[in-house]
Amino acid sequence: MKQKLKKFYYKYILRKKYIRTGFCLKCGQCCQNIYIKHDKKVIVDEVEFYNLNQKGKYLDFEIMGKDDTGLVFKCKLLDEVTKLCKNHKMRDFICRRYPQEEIFAFGAKLAQGCGYKFEPIDSFEDVLKSVSRVKL
Ligand code: SF4
Ligand code: SF4
């Protein structure tokens with residue numbers, strides 16, 4: 001019953017497609033392979049990032065590389081030795097909520113070995129049943 005209520009809450013109240021399970025293993029990987037979404041799109045260009053920096057934005061991040069999705073950043077607040085956040089108590093809301101399924105929408109994925117998982121709310125059988133109820 002508890003699981004059914006949870007599914008209902010995620011699907012109809014939060015409008016999610018997945019339920020997040022698991023927990024953080026404090027490996028720090030998600031703090032060093034980051035895409036930054038600005039104005040609803042991933043930052044892909046060094047000049048754009050430089051200009052945003054000049055306006056005081058994203059100063060805690062440095063560019064590590066670039067791939068097909070965009071620039072890949074590392075957060076300067078990650079302690080290299082402990083792999084913990086140096087600003088844990090005051091970290092941003094986005095860090096507190098991480099990971100959310102929205103990251104998949106712009107090509108990101110969970111780091112390998114991350115302790116979290118996303119499970120579809122509707123099983124394959126549920127989807128099949130709903131499709132077969134639709135009259136063609
Ligand atoms: S990658 Fe996953 S397990 Fe590792 S620190 Fe980030 S949220 Fe935690
Ligand atoms: S502020 Fe802390 S939790 Fe957020 S990305 Fe940086 S190191 Fe990670």
- What's the number of the condition LYS89 fails, among (1) part of a loop (DSSP other than H, G, I, E, B); (2) within 15 Å of ligand 2 (Cβ to nearest atom); (3) under 26 Å from LYS117 (Cα atoms); (4) more than 15 Å from the chain's Cα centre (by Cα)? (1)
- Of residues in segment 93-136 being surrounded by fewer than 14 Cβ atoms within 10 Å (Cβ to Cβ) and of a type in the set (Phe, Trp, Tyr), the one modelled with the highest pLDDT: PHE93
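Results for (1) under 12 Å from the mean Cα position of the chain (by Cα); (2) of a type outside the set (A, V, I, L, M, F, W, C); (3) outside any loop (DSSP other than H, G, I, E, B); (4) within 16 Å of ligand 1 (Cβ to nearest atom), shown as yes or no for each residue.
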{"position": "GLY56", "(1), (2), (3), (4)": "no, yes, no, no"}
{"position": "GLU80", "(1), (2), (3), (4)": "no, yes, no, yes"}
{"position": "GLU102", "(1), (2), (3), (4)": "yes, yes, yes, yes"}
{"position": "GLU119", "(1), (2), (3), (4)": "no, yes, yes, yes"}
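The values are calculated or read from the model by the stated rules, or taken from the named source; none is laboratory data. All values reported here derive from a predicted model rather than from experimental measurement. As a convention, Cβ positions derive from the backbone with ideal geometry for all residues, glycine included, and neighbour counts pool all protein chains shown.
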